[in-house]
Amino acid sequence: MIDDFSPRTQRLRDGGHKLTHARLTVLRVLEDSGGHITSSEVLERVNQVDASIGRASVFRTLDLFTHLAIIRPTYLNSSITPTYVLMPNGHHHHIICTQCNQVIEFDECGLERMTAELETRFGVKLTGHLLEFYGLCERCQ
Ligand SMILES: [Zn+2]
Ligand SMILES: [Zn+2]
Ligand SMILES: [Zn+2]
């Protein structure tokens, strides 16, 4: 069961969005995924939890979550459909091997200063970033 006061449900509330059953179900599926999940996996798992939640409703919810910077679509493993990644505290970082497609996750990015500079320079309010480095892993070099 999702804690109603988790940062993600709070972000939904702050944005004036109702915590509908469909939204909470999609959120739980995303959180249980461990951080990476494709849209078809989301559909499949939501359907297992509650078959009455329709496909269109799931896609609308994924769009809303993307809009709220709770998730970001990315294209891992040369997939045709996007993989959604969760944005804990607005950060998500990858190193992707262009040879074997291995994805290395890391926590610290040290981009706080750059974030503040970009906000000043462009007058924007930044909510998060997905950072991807590409290269060759140890084995593929
Ligand atoms: Zn970061
Ligand atoms: Zn590799
Ligand atoms: Zn990741």
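Things worth noting here:
- Neighbour count of at most 16 Cβ within 10 Å plus DSSP loop: longest GluC sites (Glu not before Pro)-free window in the chain: 1-107
- Cβ crowding within 10 Å, taken as a proxy for footprinting-reagent exposure, orders 114, 87 from fewest neighbours to most as 114, 87.
- Cβ-Cβ FRET estimate between residue 118 and residue 31, R0 fixed at 35 Å, reported to 0.05: 0.75
- Looking at the stretch 40-141, the trypsin sites (Lys or Arg not before Pro) that sit in a DSSP loop and have at most 14 other Cβ atoms within 10 Å of their own Cβ are 125, 139.
- Amide proton proximity set for residue 102, modelled H, under 5 Å, gap of 5+: 97
- Annotation: amide H of residue 38 within the under-5 Å range of 84, sequence separation 5 or more or interchain, hydrogens built in the peptide plane.
- With K and R counted +1 and D and E -1, the other residues having a Cβ less than 11 Å from that of residue 97 yield a net charge of 0.
- Exposed-site-free run, longest, the chain (rule: chymotrypsin sites (Phe, Trp or Tyr not before Pro); DSSP loop; at most 13 other C-beta within 10 Å): 6-74
- Largest first, the extents of the alpha carbon coordinates of the stretch 88-141 on the three principal axes equal 42, 21, 14 Å.
- For 137, 100, order by how many other beta-carbon atoms lie within 10 Å, fewest first: 100, 137
- In terms of other Cβ atoms within 10 Å, 80, 71 run from fewest to most in the order 80, 71.
- For the chain, the fraction of C-alpha pairs more than 18 angstrom apart is 61%.
- Estimated [θ] at 222 nm from DSSP helical runs (n ≥ 4, -39500 (n - 2.57)) normalised by residues in the chain, nearest 500: -12000 deg cm²/dmol
Every number here is computed from the coordinates shown, using simple stated rules; none is lab data. Please read all numbers here as calculations on a predicted model, not as lab measurements. Quick reminder, even Gly has a Cβ in these numbers, built from the backbone with ideal geometry, and neighbours come from all protein chains shown.
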